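J.: If you scroll down you'll find the structure; I have some questions about it.
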Amino acid sequence: MPGLLLRNIFRFVILILLQVLVFNHMNLGGYLNPSIYILFILLLPNNINSSLLLLLGFITGLSVDLFTNTAGLHAGSTVLLAFMRPGIIRLLFGNLEFGPGESPGLNKLGVSGFFRYTLVLVFIHQLALSLLEVFNFHHFLFTLSRAFFSSLLTIFLVMIIVLLTTTRKKH
């Protein structure tokens, strides 16, 4: 268990640093901003206590907010992501059994399963983040397209990071 805790602390620190030092400065076209820090929430063990999951979602989003001066936008959208995660896992992979400490990563879900899991949760996060940022529905189609394209960019980067950092288990 201490190895799992240390791995998740290391993942948290690296992803937050990458987000605030690299990816927040990768603002494409003035509207697209990838949110790779949510990979921390996506890769947490499946059997994590739901209250702890929500607290970690809040801390993760708040960490980005503190560095970017965004007044809770990331905290709110990441808490929503953490709240939706267990339901999305049940919806997409209802019959799949997870062992203690096992996360919904590539080794458990495969590439296509992890892609579907990431697609749904990243879009929920990006839509919430975009709606919280503009805080109105006057330009809803523009906000929706911004969330869609930011989601595509985030999913692309998350998949690359996961594919490069996951060691495949030998069966």
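J.: Report the percentage of all Cα-Cα pairs in the range 1-50 whose separation exceeds 16 Å, rounded to a whole percent.
T.: 49
J.: Can you tally the net charge around Leu43? Count Lys and Arg as +1, Asp and Glu as -1, for every other residue whose Cβ sits under 14 Å from the Cβ of Leu43.
T.: Result for the local shell: +3.
J.: With a 10 Å Cβ neighbour count serving as the proxy for reagent exposure, in which order, fewest first, do Arg7, Arg168 appear?
T.: On the way: Arg7 13, Arg168 7.
Ordered by Cβ neighbours within 10 Å, fewest first: Arg168, Arg7.
J.: Name the residue farthest towards the positive end of the dipole of the range 2-165 from the options Ala71, Ile48, Leu164, assuming +1 on Cβ of Lys and Arg, -1 on Cβ of Asp and Glu, about the Cα centre.
T.: Leu164
J.: Provide the net charge surrounding Leu91, with neighbours chosen by a C-beta distance below 13 Å and charges set as Lys +1, Arg +1, Asp -1, Glu -1. Display every interim value, and only then the final one.
T.: Details: positive: Arg85, Arg90, Arg116; negative: none.
For residues surrounding Leu91, the net value is +3.
J.: By counting other Cβ atoms within 10 Å of each Cβ, how are Thr143, Thr154, Thr165 ranked from fewest to most?
T.: Values: Thr143 19, Thr154 25, Thr165 13.
Final ranking by Cβ density, sparse to dense: Thr165, Thr143, Thr154.
J.: Cα convex hull of the range 67-134: how many Å³ per residue?
T.: In the range 67-134, the Cα convex hull volume per residue is 105 Å³.
J.: Please list, short to long, the whole-number percent of alpha-carbon pairs of the chain in consecutive 10 angstrom bins beginning at zero.
T.: P(r) over the chain, rounded to whole percents: 10, 40, 37, 11, 1, 0.
J.: What is the fewest-to-most order of His139, His74, His25 by other Cβ atoms lying within 10 Å of their Cβ?
T.: His25, His139, His74
Bear in mind that the values in this text are calculations on the coordinates, not laboratory data. As the structure is a computational prediction, the values presented were derived from the model and not from experiment. Glycine gets a Cβ as well: all are built from the backbone with ideal geometry, and neighbour counts include every protein chain shown.
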